[in-house]
Amino acid sequence: MKSYDIGILPGDGIGPEVLREGIKVLDAVAALEGFSYKPVAYPYSGEYYLKTKELVPPPVIDEWRTLDAVLLGAIGHPDVEPGLVERSVILGLRFGLDLYINLRPIKVYAEHLCPIKGKGPADIEFVVVRENTEGLYSQIGGHLKKGTPDEVALVNGVYTWKGCERASRYAFELAVKRAAERGPGRKPQVTLVDKANAIRPHDIWTRSFAQVARDFPEVQTDHAYVDACCMWMIKNPEWFDVIVTTNLFGDIITDLGAMLQGGMGIAASGNIHPGKTSMFEPIHGSAPKHAGKNIACPLGAVGAVGMMLDFLGETEAAARVERAVADLLTSGAVPSADARSGIATSAMGDMVVERLGG
Ligand code: IPM
Ligand code: MG
């Protein structure tokens, strides 16, 4: 029987609750498909930091590299300095394991979930490829004369040719794969989203994208500045197939994308280095105000499990998860993909599990 070593990082707030449902689905689909996995639990979180003052120690990052994949719930605690634990755990994984792709599908499963009048599943089905190791997340910068009237704060946006090139290449390859799966009718398309008008060095994206595009003559290319991209995502979301963009812009537009899908509770992501240990998580945060109430929507965590299965090559298991979520949402039983659905976190997990046989 095939077995995988899976790191489990439940984290803070609603993280443990939603990840529990993701793992419930993982257990059920593993039994159906005949594979197993060994969970390796890690305590790192804001809560753990408050108790122990411990962040992720460097040897643990080496240990993560030996796993097949990592599942993460959410990180962030209101009593800890903003971003301290997020940088240690989430960016520790992304940078430490060189997870250079942050793959964020944006898909409306059922019309009633979409807040845009007249738009539905046929219109909103695209993927954001967010560069995940550079840009304004480089951590290069700091303060001068901090706390004085002369204070200066500097942050450097770092864009390497290699980083831009590999993100674009992944996006083009993905567009080709998606087109093959959906069959004839619509050409594959990749849209580059940047801000190369105001931020001139962003033209490293323009040029590396154009170079990669030459290797994919069958793929249509498009470009949007990030502000216009936000406008198009609401006005004509059906124009998008695959978007490739910088780390920060990808962060921002995928929260907008999550709302198009029906709520932060449903959006999943994969932090991927093809062929190496990768990490999967819902895109939402720890949502402290919803924690411990069994009301958070676990579908983002369930989706992350589905993406992990696909990455591991358990494609039939991944397809089962996808069909179960789609079936649940089209049934109309779930009014919204957020904490106001009226469906308990644990019950939602059960509802997915019940549908895995289909
Ligand atoms: C995300 C989150 C993270 C990010 C935070 C928690 C550091 O917003 O995964 O989208 O900015 O990437
Ligand atoms: Mg974000």
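The values are calculated or read from the model by the stated rules, or taken from the named source; none is laboratory data. Keep in mind that what you see is a predicted model, and the values were worked out from it rather than measured. Positions of Cβ are generated from backbone atoms using ideal geometry, with glycine treated the same way; all protein chains shown enter the neighbour counts. Just the protein is used for accessible areas: all its heavy atoms, side chains included, with ligands, DNA and RNA removed. Shrake-Rupley method; radii C 1.70, N 1.55, O 1.52, S 1.80 Å.
Brief remarks follow.
- Strands (runs of 3 or more DSSP E) wholly inside the range 21-125 containing at least 3 residues that are in contact with a Pro (Cβ under 9 Å, 6 or more places away or on another chain) and within 16 Å of ligand 1 (Cβ to nearest atom): 69-74
- Selection status of residue 169, under 22 Å from residue 193 (Cα atoms), in a helix (DSSP H, G or I), touching a residue at least 40 places away in the same chain (Cβ under 8 Å) and within 16 Å of ligand 2 (Cβ to nearest atom): no
- Which listed residue, of 337, 304, 344, is open to solvent by less than 10 Å² (accessible area, probe 1.4 Å), outside the structural domain of residue 169 (by TED's automatic domain parsing) and either at pLDDT 95 or above or within 15 Å of ligand 2 (Cβ to nearest atom) (or both): 304
- The range 284-301, residues that are surrounded by fewer than 24 Cβ atoms within 10 Å (Cβ to Cβ), within 16 Å of ligand 1 (Cβ to nearest atom) and among the hydrophobic types (A, V, I, L, M, F, W, C): 287, 291
- When 155, 242, 193 are screened for being assigned by TED's automatic domain parsing to the domain that holds residue 140 and within 20 Å of residue 274 (Cβ to Cβ), only 242 passes.
- Test result for residue 88, assigned by TED's automatic domain parsing to the domain that holds residue 40 and hydroxyl-bearing (Ser, Thr, Tyr): yes
- Candidates 223, 273 - the one that is outside the structural domain of residue 176 (by TED's automatic domain parsing) and either touching a residue at least 40 places away in the same chain (Cβ under 8 Å) or away from ligand 1 (no atom under 14 Å from the Cβ) (or both): 273
- Candidates 37, 48, 44, filtered to the one that is crowded, with 23+ Cβ neighbours inside 10 Å and more than 18 Å from the chain's Cα centre (by Cα): 44
- Subset of the range 241-260 (residues that are open to solvent by 10 Å² or more (accessible area, probe 1.4 Å) and under 17 Å from residue 121 (Cα atoms)): 256, 259
- Residue match in the range 317-326 (condition: touching a residue at least 40 places away in the same chain (Cβ under 8 Å) and either under 23 Å from residue 75 (Cα atoms) or open to solvent by 50 Å² or more (accessible area, probe 1.4 Å) (or both)): no
- Cross-chain or 6+ apart pairs with Cβ under 9 Å, the range 71-85 first and at pLDDT 95 or above, then of a type in the set (Lys, Arg): 73/20
- When residue 102 is tested against (1) touching a residue at least 60 places away in the same chain (Cβ under 8 Å); (2) open to solvent by 60 Å² or more (accessible area, probe 1.4 Å); (3) not acidic (Asp, Glu), just one condition goes unmet, and that condition is (2).
- Some residue of the range 305-315 being within 13 Å of ligand 1 (Cβ to nearest atom) and either in a loop (DSSP other than H, G, I, E, B) or under 21 Å from residue 9 (Cα atoms) (or both): no
- For the range 5-28, residues that are surrounded by 17 or more Cβ atoms within 10 Å (Cβ to Cβ) and over 21 Å from the mean Cα position of the chain (by Cα) total 1.
- Among the residues of the range 307-316, not one is buried (at least 23 other Cβ atoms within 10 Å of the Cβ) and out of contact with any helix residue (DSSP H, G or I) (no Cβ under 9 Å at 6 or more places or on another chain).
- In the range 232-259, the qualifying residues are those that are away from ligand 2 (no atom under 15 Å from the Cβ) and assigned to a helix (DSSP H, G or I), and the one that is farthest from the chain's Cα centre (by Cα) is 235.
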